[in-house]
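A.B. asks: Below are the C-alpha cells for one structure; questions will follow.
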Amino acid sequence: MKLATFFGVGLTGWLGWRLLGPSPSPPGRGRQSRPIRIPGRTIFVGDDEMFVREVGPVDAPPLVLVHGWSLDGELTFYRIIPELAKDFRVIIPDLRNHGRSRWVRTGTEVEDIADDIAGIFCALGIQSAPVFGYSLGGMVVQALIHRHPGLVSYAVLGGTAARPVREHRGITRIIFWLGRFLSRVSLHEMSVGTVSYLRKVGGLAPEHERWMYEGLMRKDGSLHYEIGNAVWRFDGRDWLKQWKTPVTQIIPTEDQLVDPAAQYELAGLLPAGTEVVELVGGRHESVITLADEYVAVIRRVLGADHETR
C-alpha cells in the first residue's frame, strides 16, 4: 500500500510539473551542430505530403532506406548515408507520423506504410530499386514486396522480423498504452533517455545531442504509438512463401528490442539461398554504432553492376 501511495504521489507530482511547469531545457552542452546536412523536400502521395531526402549522384542507381519506429530517416541512417551516397542515389523518406511527413489520425497498419513507400516510388519516377529496411522498416519492406510486386529489386532487412511480438502480446499492448499516455503528457523524458543511451554506447557525439533530441521531439505522442501498435500487430509470415525477390538479412545477435529468436524465425522463412549475416554482439542501435558493417554488406550484395531502373 505504501508503495502504491508513493507511486501515485510521484506520478501526480510529475504530471503537475509537466503540465504547469516551465518547458524543460534540451540536452547538449557546449557548441552543438548537425552531423550531416541533407536537404529534403515534400512530395505528394495522392493528396498526402511525405518528406523525402535525397543525396548522391543523380545518375547513380537508386537505393531507398526505410527507417524504424521512433527515429526518422535522418536520425536512423545518419552514419551510413554519407558512405552509401558515394555509390548510390540514396533516398530517405520519413514514414507517416515520423519526422516531417504527414500525421495520420485514422489508424495505421504496416501495410498502409508500405503503400506510402510505393507512392513515393511512383512520385519519384522509380520503377524498381533495392531497399534497405531496418526494424519497422524491414516489416514495411516485407509488406511492400507482397503488395507491390516488382518494386523492390533487392531487399536488405536488418533488425527485423516477420512476427516481432510472438509472446505476451497482451502485456505488450498494455505497455504501449502506458507509453502512449506518458507521451501525450511529455516527450521530453523519453527523448532525453534515448539521447543519453546513444551517447553512452558510442552512437552519438556530445556535439550532436541537441540535433538528436530535437528530432525525437518532432512527433505527436499519441500518433507515434499508433505506429508502435501496428508493429506488435504485424505478422507477415504467410507472405514469405511466395517471395521471389532476392534478399539479405542482417541479424544483430544481442538485439534488445526485436527478439533475435524472432529474427531467426524470419531467416527460416525466407527463400532458400538467402544470405543471413550475423552481427555478433550487435544491439538494436547497431545500424548507428556498427554503421561500417552495414555499409559493407549493402555495398557487397548490391554491387556496382546491380540492375536498377
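Every number here is computed from the coordinates shown, using simple stated rules; none is lab data. Keep in mind that what you see is a predicted model, and the values were worked out from it rather than measured. A quick note on method: Cβ atoms are made from the backbone with ideal geometry, for glycine too, and the neighbour counts reach across all protein chains shown.
A.B. asks: At R0 = 22 Å, how high is the FRET efficiency between VAL201 and VAL104 if r is their beta carbon distance? Nearest 0.05 is fine.
C.D. replies: 0.10
A.B. asks: Could I ask something else about it? Can you give me the Cα centroid spacing of segment 136-204 and segment 76-106 in angstrom?
C.D. replies: Rounded to whole Å, the Cα centres lie 15 Å apart.
A.B. asks: Which whole-number percent gives the relative contact order of the chain, counting Cα pairs below 8 Å spaced six or more residues apart?
C.D. replies: Over the chain, the number comes to 21 percent.
A.B. asks: For the chain, give the share of DSSP beta bridges that are antiparallel, in percent and rounded to the nearest 5; count only bridges with both residues there.
C.D. replies: The antiparallel proportion sits near 30 percent.
A.B. asks: Given a cut-off of 21 Å, what percent of all Cα-Cα pairs of segment 42-145 lie beyond it?
C.D. replies: Roughly 26 percent, rounded to a whole number.
A.B. asks: So how do 110-120, 133-143, 150-160 stack up, highest first, on mean other-Cβ count within 10 Å?
C.D. replies: For the peptides 110-120, 133-143, 150-160, the packing ranking is 133-143, 150-160, 110-120.
A.B. asks: Rounded, prolate or oblate: pick one for segment 155-309, where a ≥ b ≥ c are the square roots of the eigenvalues of its C-alpha gyration tensor, a/c under 1.5 means rounded, and failing that, prolate if a/b is larger than b/c, else oblate.
C.D. replies: oblate
A.B. asks: Given the -39500 (n - 2.57) contribution per DSSP H run of 4+ residues, what per-residue ellipticity at 222 nm results for the chain, rounded to the nearest 500 deg cm²/dmol?
C.D. replies: -13000 deg cm²/dmol
A.B. asks: Right, another one. For the chain, take the longest principal axis of its alpha carbons; what is the angle in degrees between that and the long axis of helix 291-302, to the nearest 10 within 0 to 90?
C.D. replies: Once rounded, one gets 30 degrees.
A.B. asks: Give the angle, between 0 and 90 degrees and rounded to the nearest 10, that separates the Cα long axis of helix 110-124 from the longest principal axis of the Cα atoms of the chain.
C.D. replies: Value to nearest ten degrees: 60.
A.B. asks: Tell me, in nm to one decimal, what length is gained between ARG166 and VAL185 on full extension, where the rule is 0.36 nm per residue of separation less the Cα-Cα distance?
C.D. replies: Contour length minus Cα-Cα distance gives 3.9 nm.
A.B. asks: I need the calculated FRET efficiency for the pair LEU178 and LEU124, taking r as the beta carbon distance and R₀ as 35 Å, to the nearest 0.05.
C.D. replies: Working: r = 39 Å, r/R0 = 1.11.
For R0 = 35 Å, the calculated efficiency reads 0.35.
A.B. asks: Separate question: Normalising by the residue count of segment 88-195, find the relative contact order in percent from Cα pairs under 8 Å and 6+ residues apart.
C.D. replies: On the way: 93 pairs, mean separation 20.9, N = 108.
The normalised contact order for segment 88-195 reaches 19 percent.
A.B. asks: Please list 122-128, 61-67, 216-222 highest first by mean number of surrounding beta-carbon atoms within 10 Å per residue.
C.D. replies: Highest mean packing first, the order is 61-67, 216-222, 122-128.
A.B. asks: If you look at just the Cα atoms of segment 229-309, how large are its Rg and its Dmax in Å?
C.D. replies: When restricted to the Cα atoms of segment 229-309, Rg and Dmax are 13.9, 39 Å.
A.B. asks: Hey, what angle do you get for helix 169-185 against the long axis of the chain, alpha-carbon based, 0 to 90 degrees rounded to 10?
C.D. replies: Around 60 degrees separate the two axes.
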